[in-house]
Amino acid sequence: MLKNPPLSQRCMVRVALRLLLAGLFLGGLSECQSAWSQLRPASATGGSPTIATVQINPWATTQPISPNFMSFAQDLSETHDVVGKSPSNMNPIYEQLIRNLVMYQNEPMLIRMLSDSNNSDNRYSGESLAPLYQLHRHFGVQFFVGVDFKDFDTNPSIAPQEAAALVKYLPGDALKGIEAGNEPDLWPGHSRPTVWNYSDYVTEYNSLAQTIGTLEEVKLAAPVFSSGARESAFMDELDSFITSEKSTLSMVIIHHYSGTGTEHPDYLLSPRAVCGDKQPMSGPGGEGCSGTDVRAYVPTAQEVALPLRIGELNSINHGGQDGVSNSFSSALWAMDISFAYAQAGVSGVNFFTPNNALTHWYSAFDFTHTDDDGGMRTYNVGHINPLYYGMLMFVRAVQNNAELLPIALTTTNDHIKAWATIDSGGTIRLVLLNKDPKASGNVAVSLSGYGNAIITRLTAPSYKSTTGLTLGGQTFDGTRDGTFQGTPTWESLPSEGGVYTVPLPKVEAALVEFWANIEADGSHIATTPATIAVQAGEPIMIQKEPNLYKSLVQQP
């Protein structure tokens, strides 16, 4: 159980409560003086224009966010290079990067493991799958894992053998779905004849489902379409597939990449990169977007109680683009498109993170390793890329069972975005994104009934930066173990008649946390990252434990 939040977080709660209770003595504040010295006032940029206004109504109708929304997609063949070589030789850096995220998650992380192979490298053996199950034991992580559907037409015995191995070596609730191959809409002219079409796909899928269905324990994750514009004939049938195959499915999976490998360096700052651009049918859609998007299919999945996930997501296809996919702009893009998918009703996204840094610029992180004479593997940080910072800021914004809170954003600049959530304790978190490399200014936020706020910033030297990022004053630059380096810093933000003035420099993100005031009867106050209960007039610090699955999280 995560029973000891960092001192800096405990101090934020204690000082905020003291402010809100108008001088009521808390005790224990002396230990916070050092940490609280890092909290500086947020000063509006003098003479700068108001570049946007945001109106927040805490009583507006909210929209749920799937509790396992944010995750990765990885390659099953790279398990030993990323996750660990064995249960006794895990990659501690990878585990720390997982821990950084799951401490804010509302349910176990759901990781996709790509595979569409004939198992020639023994990736489905007990030895190969053991590190995945160990990750499940440590963090409650769950998986959906691919089997060889590509060769099903010539060797139909491989996929059920692989599926049986997955069920055997990932028991209990570790395995949430068996993925039916990978991107079959790209097979015509490659793995299948040129004339092979959706009807042929369904015929083969039904045979696969019937064969694997004898396992009974786990259903399929499908159809795993690439969703490319040239493959629209398959996506056009997605509603039909969901309806006709619902009894065989545990989840609906499609893929999305916004751009191709020849984009301008500032591509990910553009609104079209969030709309969906080169693959609009699997994009989240939204204001300013056009054409059919994922919102056309979500209702069908919801009608049959199936989650629809973007099981492979990233910025630019075919490994990404150096200087774009691994730049700070990817962090801003990742947050924006993730919120857009949540608003569209998508159940989650899995950012594709292969381990080859030379061919996959879009990975959130990668590792190197060395093996000693005894076979023990030592892991080292290769890169922790800007995308990971964006994922981390997103999960902080949706923690504590938060739901999307609709807001009114007024701006003439389409590179400025705002997303808000409200959690189970009444805390509102507002994510402000300035994706304009030239415009800076203040954002005026109107919100009544809340006290002082705290700002956590995600910054970089420029939108092209691949290093030099900080989240709340801390960075992963120079880390050897996946932990943040540096001293955390925040900014205090007072309310002036229900209006908060948030400075928003060019190409930056700000997470603004508004803590709920005492309720009308004075019985309690809700805040984060812990819950403070006021009982019989005396404040008492208690631990926030909204996520029972965290009892599975073990410190190695």
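The values are calculated or read from the model by the stated rules, or taken from the named source; none is laboratory data. On a predicted model such as this, the values are computed, not experimentally measured, just so you know. Note: ideal-geometry Cβ built from the backbone for every residue, glycine included; neighbour counts use all protein chains shown.
Taking Ile253, is it among the aliphatic types (A, V, I, L, M) and either modelled with pLDDT under 95 or over 21 Å from Asp436 (Cα atoms) (or both)? Even if it seems obvious, please write down each step before you answer.
On the way: among the aliphatic types (A, V, I, L, M): yes; either modelled with pLDDT under 95 or over 21 Å from Asp436 (Cα atoms) (or both): yes.
Against the criterion (among the aliphatic types (A, V, I, L, M) and either modelled with pLDDT under 95 or over 21 Å from Asp436 (Cα atoms) (or both)), Ile253 qualifies.
Give the number of residues within the stretch 200-254 that are hydroxyl-bearing (Ser, Thr, Tyr), within 18 Å of Val304 (Cα to Cα) and either touching a Ser or Thr at 6+ places or on another chain (Cβ under 8 Å) or in a helix (DSSP H, G or I) (or both). Step through it out loud before you land on a result.
The first filter runs over the stretch 200-254 and keeps only residues hydroxyl-bearing (Ser, Thr, Tyr), leaving 201, 203, 205, 207, 211, 214, 226-227, 232, 240, 243-244, 247-248, 250.
From what's left, within 18 Å of Val304 (Cα to Cα): 240, 243-244, 247-248, 250.
The next check asks that each one be either touching a Ser or Thr at 6+ places or on another chain (Cβ under 8 Å) or in a helix (DSSP H, G or I) (or both); those that pass are 240, 243-244, 247-248.
So the count comes out to 5.
Looking at (1) under 21 Å from Glu491 (Cβ atoms); (2) in a helix (DSSP H, G or I), find the lone condition where Leu458 falls short.
For Leu458, the exception is condition (2).
Could you look through the stretch 143-197, keep only residues that are of a type in the set (Ser, Thr, Tyr) and farther than 17 Å from Tyr133 by Cα, and pick out the one that is surrounded by the most Cβ atoms within 10 Å (Cβ to Cβ)? Give the steps one after another, and end with the answer.
The first filter runs over the stretch 143-197 and keeps only residues of a type in the set (Ser, Thr, Tyr), leaving 154, 157, 169, 191, 194.
Still in the running and farther than 17 Å from Tyr133 by Cα: 154, 157, 191, 194.
Numbers: Thr154: 8, Ser157: 11, Ser191: 18, Thr194: 8.
Residue satisfying both the conditions and the ranking: Ser191.
Taking the conditions exactly as written (surrounded by 21 or more Cβ atoms within 10 Å (Cβ to Cβ) and more than 26 Å from Leu313 (Cβ to Cβ)), does Ala52 satisfy them or not?
Details: surrounded by 21 or more Cβ atoms within 10 Å (Cβ to Cβ): yes; more than 26 Å from Leu313 (Cβ to Cβ): yes.
Taking the combined requirement at face value, the residue satisfies it.
Take the stretch 457-472 and flag every residue that is closer than 23 Å to Ala402 by Cβ and surrounded by fewer than 22 Cβ atoms within 10 Å (Cβ to Cβ).
At the first step, the residues of the stretch 457-472 found to be closer than 23 Å to Ala402 by Cβ are 457-458, 471-472.
Of everything in the stretch 457-472, nothing turns out to be closer than 23 Å to Ala402 by Cβ and surrounded by fewer than 22 Cβ atoms within 10 Å (Cβ to Cβ).
Scanning for something among the β-branched types (Val, Ile, Thr), in contact with a Ser or Thr (Cβ under 9 Å, 6 or more places away or on another chain) and either modelled with pLDDT of 50 or more or closer than 28 Å to Thr410 by Cα (or both), does the stretch 73-88 turn up at least one residue? It would help to see each step written out before you state the result.
First pass over the stretch 73-88, keeping only residues among the β-branched types (Val, Ile, Thr): 79, 82-83.
Narrowing further to those that are in contact with a Ser or Thr (Cβ under 9 Å, 6 or more places away or on another chain): 79, 82.
Adding the requirement that they be either modelled with pLDDT of 50 or more or closer than 28 Å to Thr410 by Cα (or both) leaves 79, 82.
Yes, there is a match, as at least one residue in the stretch 73-88 is among the β-branched types (Val, Ile, Thr), in contact with a Ser or Thr (Cβ under 9 Å, 6 or more places away or on another chain) and either modelled with pLDDT of 50 or more or closer than 28 Å to Thr410 by Cα (or both).
So, Pro354, is that one closer than 18 Å to Gly323 by Cα, in contact with a Leu (Cβ under 7 Å, 6 or more places away or on another chain), modelled with pLDDT of 95 or more and not polar (S, T, N, Q) or not?
No: the conditions fail for Pro354.
Within the stretch 84-122, can you find the residues that are assigned to a loop (DSSP other than H, G, I, E, B) and under 15 Å from Phe352 (Cα atoms)? Before you say what the answer is, go through the steps one by one.
Taking the stretch 84-122 first, the residues assigned to a loop (DSSP other than H, G, I, E, B) are 87-88, 91, 103-109, 115-122.
Across the stretch 84-122, the qualifying residues are Met109, Ser115.
Filter the stretch 198-232 down to residues that are among the acidic types (Asp, Glu) and either surrounded by 22 or more Cβ atoms within 10 Å (Cβ to Cβ) or touching a residue at least 12 places away in the same chain (Cβ under 8 Å) (or both), then give me how many there are. Outline the logic, then answer.
First, pick out the residues of the stretch 198-232 that are among the acidic types (Asp, Glu): 200, 204, 216-217, 231.
Right, trim to either surrounded by 22 or more Cβ atoms within 10 Å (Cβ to Cβ) or touching a residue at least 12 places away in the same chain (Cβ under 8 Å) (or both) and you get 204, 217, 231.
Final tally of qualifying residues: 3.
Looking at the stretch 373-390, which of its residues are more than 16 Å from Ser330 (Cα to Cα) and modelled with pLDDT of 95 or more? Walk me through how you get there before you give the answer.
Within the stretch 373-390, the first condition is being more than 16 Å from Ser330 (Cα to Cα), and the residues that meet it are 373-382.
Selection gives Met376, Arg377, Thr378, Tyr379, Asn380, Val381, Gly382.
Which of (1) assigned to a helix (DSSP H, G or I); (2) under 30 Å from Thr427 (Cα atoms) is the odd one out, the single condition Ser71 does not satisfy?
Among (1) assigned to a helix (DSSP H, G or I); (2) under 30 Å from Thr427 (Cα atoms), Ser71 violates only (1).
Search the stretch 103-116 for residues being in contact with a helix residue (DSSP H, G or I) (Cβ under 7 Å, 6 or more places away or on another chain) and not acidic (Asp, Glu), and hand back the single one that is surrounded by the fewest Cβ atoms within 10 Å (Cβ to Cβ). Talk me through it step by step, then tell me what you get.
Taking the stretch 103-116 and keeping what is in contact with a helix residue (DSSP H, G or I) (Cβ under 7 Å, 6 or more places away or on another chain), we get 104-105, 107-109, 113-115.
This time we only want the ones that are not acidic (Asp, Glu), so: 104-105, 108-109, 113-115.
On the way: Tyr104: 19, Gln105: 24, Pro108: 24, Met109: 24, Met113: 25, Leu114: 23, Ser115: 25.
So the residue we want is Tyr104.
Being more than 16 Å from Ser315 (Cα to Cα) and in contact (Cβ under 8 Å) with a residue 60 or more places away in the chain is the filter here; which residues of the stretch 349-363 pass it?
Residues of the stretch 349-363 that are more than 16 Å from Ser315 (Cα to Cα), as a first pass: 355-356, 358.
Selection gives Asn355 alone.
Checking the structure you have, find out if any residue of the stretch 293-315 is modelled with pLDDT under 95 and in a loop (DSSP other than H, G, I, E, B).
The answer is yes; a qualifying residue exists.
Within the stretch 499-516, identify whether any single residue is modelled with pLDDT of 65 or more, under 30 Å from Ile51 (Cβ atoms), of a type in the set (Ser, Thr, Tyr) and in contact with a strand residue (DSSP E or B) (Cβ under 6 Å, 6 or more places away or on another chain), and answer yes or no. Walk me through it before giving the result.
Narrowing the stretch 499-516 to residues modelled with pLDDT of 65 or more: 499-516.
Right, trim to under 30 Å from Ile51 (Cβ atoms) and you get 499-516.
Now restrict to residues that are of a type in the set (Ser, Thr, Tyr): 500-501.
With in contact with a strand residue (DSSP E or B) (Cβ under 6 Å, 6 or more places away or on another chain) added as a condition, the list becomes 500-501.
Within the stretch 499-516, one or more residues are modelled with pLDDT of 65 or more, under 30 Å from Ile51 (Cβ atoms), of a type in the set (Ser, Thr, Tyr) and in contact with a strand residue (DSSP E or B) (Cβ under 6 Å, 6 or more places away or on another chain).
Given Gly276, Gly259, which one is without any contact (Cβ under 8 Å) to a residue 40 or more places away in the chain and crowded, with 24+ Cβ neighbours inside 10 Å? Break it down into steps so the answer makes sense when it comes.
Working: Gly259 fails: without any contact (Cβ under 8 Å) to a residue 40 or more places away in the chain.
Residue meeting the stated conditions: Gly276.
It is to be established whether one or more residues within the stretch 412-419 are of a type in the set (S, T, N, Q), touching a strand residue (DSSP E or B) at 6+ places or on another chain (Cβ under 9 Å), without any contact (Cβ under 8 Å) to a residue 40 or more places away in the chain and more than 22 Å from Asp81 (Cα to Cα). Show your work before the answer.
Kept after step one, since they are of a type in the set (S, T, N, Q), are these residues of the stretch 412-419: 412-413.
Subset that is touching a strand residue (DSSP E or B) at 6+ places or on another chain (Cβ under 9 Å): 412-413.
Okay, now just the ones that are also without any contact (Cβ under 8 Å) to a residue 40 or more places away in the chain, so 412.
The next check asks that each one be more than 22 Å from Asp81 (Cα to Cα); those that pass are 412.
Yes, because at least one residue in the stretch 412-419 is of a type in the set (S, T, N, Q), touching a strand residue (DSSP E or B) at 6+ places or on another chain (Cβ under 9 Å), without any contact (Cβ under 8 Å) to a residue 40 or more places away in the chain and more than 22 Å from Asp81 (Cα to Cα).
Just for the stretch 427-455: of the residues that are within 22 Å of the chain's Cα centre (by Cα) and not in a strand (DSSP E or B), which one is farthest from Phe514 (Cα to Cα)?
The selected residue is Lys435.
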